[in-house]
Amino acid sequence: MSDRSASPDPPPADDAGAGADADAGAAEEEVKLYVGNLSYDTSEDSLRKAFISCGSTISDVFLPTDRYTGRPRGFAFVTLTGGSAAAEKAISAMDQTDLDGRSIRVNVSKPRGESDRGGGGGGGGGGGGGGGGGGGSGFNASGLSDVKLYVGNLNFDTTEDSLRDVFSKYGTISDIFLPTDRESGRPRGFAFVTMPAAEAEEACSAINETDIDGRTVRVNESLPKSSGYGGRRGYDRGGGGYGGGGGYGGNRGGGGYNRDY
């Protein structure tokens, strides 16, 4: 029998250290934001300054240009460090604020072809029936019969008729709202299209990041203000406030908009 004493048990894992490592990892995580409805005069420098001013740490700014003319395409991608917390903070601070004379739109950029549909089911799929997904955190999580879509980065020459031509290929359109500047009457570069839920989801998936009148448009579900940063804040077609069909949640903005704004 050996005189050696038993080897001591290994020390317990340092939970505090593991937590610190996780926090450090989250702080270094990068998130790419889509910034739409930009003025053609907006530069990478002005975007960087705008996001830094709201406390963001910027790792990259990409301002796409037309391959033939070299002209900015009216949208950009800003990559932040700090993970989802930093993204939420930047979206809350920047979405629907003025930059170079345009009310910009900011949300989390998703890879091409990745939609917001989730476990609740998609258009006509399990769980939602005609509501397109009656529950969960995916497309039309509220299970509404009609869904309002946000259509961004539009050409100023795009009309309600041209939008109707594009979206009507995927179903029945109950409403199109193309906001205009109340002083100049000029389109503001985005619109809202309302369709039955299942058809809206199909249209969203098919039309997002396709060309309409020479511009690559962005299409996603317009969500209520309280829904977080995964959607778009919608305009109430009535007198004031946000509501009705939705909007981009978790962001600034007060005051209502109507059809003439």
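Here are a few things to note about the model shown:
- FRET efficiency for the pair residue 145 and residue 32, taken as 1/(1 + (r/R0)^6) with r the Cβ-Cβ distance and R0 = 35 Å, rounds to 0.55.
- Counting only protein chain heavy atoms and rolling a 1.4 Å probe, the accessible areas of 161, 60 rank, largest first, as 161, 60.
- In sequence order, region 95-109 has phi-based couplings of 5, 6, 9, 8, 9, 6, x, 10, 7, 7, 10, 10, 7, 6, 7 Hz under the Karplus curve 6.51 cos²θ - 1.76 cosθ + 1.60, θ = phi - 60°, and Gly or Pro positions carry x.
- Approximating the spin labels as points 7 Å out from Cα along Cα→Cβ, the residue 168-to-residue 156 distance works out to 2.7 nm.
- Region 138-213, accessible surface, carbon-and-sulfur percent (1.4 angstrom probe): 41 percent
The values are calculated or read from the model by the stated rules, or taken from the named source; none is laboratory data. Remember, predicted model here, so these are calculated numbers, not experimental data. Ideal geometry is used to build each Cβ from the backbone, glycine not excepted, and the neighbour counts take in all protein chains shown. Heavy atoms of the whole protein, side chains included, go into the accessibility calculation; ligands, DNA and RNA do not. Shrake-Rupley method; radii C 1.70, N 1.55, O 1.52, S 1.80 Å.
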